[in-house]
Each structure stands twice: as C-alpha cells, then as structure tokens.
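The values are calculated or read from the model by the stated rules, or taken from the named source; none is laboratory data. No experiment lies behind these values; they were computed from the predicted model shown. Cβ placement follows ideal geometry from the backbone for every residue including glycine, while neighbour counts extend to all protein chains displayed.
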Amino acid sequence: MSTQNSSTPKLYSEKCSQLLKEAEIRFAGIVDSNGNLIAGGFKEGLVPYEGDETKLHSFFEFVSKFSIRKEFDQSLGPINYLAARRDKAVLVSFPFPISQILLLISAEPSANIENLAKKVVKIFTNVN
C-alpha cells in the first residue's frame, strides 16, 4: 500500500473537521460505495436528532447507489452534488467518482446550499 493511500483516511478526517467548523454544518462524513462511514461524523458536542444516525445510514446507502449511476452523464454531465431540504435539516452529498466515495453533509435548514457547495469545493479541491 502506498503512503498516499494509507494517509487518505486521515486526509478525509481533516477535511471533514474543517467543514464541521462551519456553524450550520451538523455532520460531515465520507461514505464508501457500500454506505459505510469511513471518516468524519457529527459535530462534537452536538446532540443528534432522535434516530439521526440510523436515518443517515439509510441515506448513505440510497445516495451511494444513486450517485454511482452514470446513465445521464453523457447528455447532462456528471453529478456535482445532490441536495435534499427537509424541515429540520439540509442533506447534501458530493460524489468523488474516481475513488467511488461520497461526502455527506447534514446542515441546519437555514443553510444556503450553493454557499455550502462552494465551501466544500474549496476544502476538497484536489482530493479524489
């Protein structure tokens, strides 16, 4: 295993920690193609909503399967991110097509999705 590969989870954890410094972000995690959390988590000191972790895992599985699909990439281009605005939270996923992982973010409902996407791009530039 190369040094770059063995340091990748640490890099992902550091990037997720940077995102968690943003006031509106409740959760930032990297999820593999099976829907398993490999880095990140809930903001320290945050009390998750009842069932948050279970619901997020179900969302991981759904989003990972959806984001890997490629049938519209040729005509519309690849997915940049998927967003769902709920009454209590905003859920946004960002696929990393090369490494077949996703960044999943849960934020306060007042979060501006476009601004959030710009922050993610800035923090995760050059990370596959």
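For the stretch 6-15, indicate whether the set of residues that are surrounded by fewer than 11 Cβ atoms within 10 Å (Cβ to Cβ) and modelled with pLDDT of 70 or more is non-empty. Yes, the stretch 6-15 contains a residue that is surrounded by fewer than 11 Cβ atoms within 10 Å (Cβ to Cβ) and modelled with pLDDT of 70 or more.
Given 41, 45, which one is assigned to a loop (DSSP other than H, G, I, E, B), at pLDDT 85 or above and at positive phi? Matching residue, one of 41, 45: 45. Taken over the stretch 73-128, the criterion of being aliphatic (A, V, I, L, M), farther than 22 Å from residue 17 by Cβ and in a loop (DSSP other than H, G, I, E, B) is satisfied by 79, 98. Identify, please: which residue in the stretch 107-128 is touching a helix residue (DSSP H, G or I) at 6+ places or on another chain (Cβ under 8 Å) and at pLDDT 90 or above and is, among those, surrounded by the fewest Cβ atoms within 10 Å (Cβ to Cβ)? Out of the qualifying residues, it is 119.
Residues satisfying the criterion are present in the stretch 17-31 (criterion: assigned to a helix (DSSP H, G or I), at pLDDT 75 or above and either among the small types (Gly, Ala, Ser) or surrounded by fewer than 11 Cβ atoms within 10 Å (Cβ to Cβ) (or both)). Just to be sure before I move on: is residue 64 surrounded by 20 or more Cβ atoms within 10 Å (Cβ to Cβ), closer than 15 Å to residue 31 by Cβ and at pLDDT below 80 in the structure I sent? The answer is yes for residue 64.
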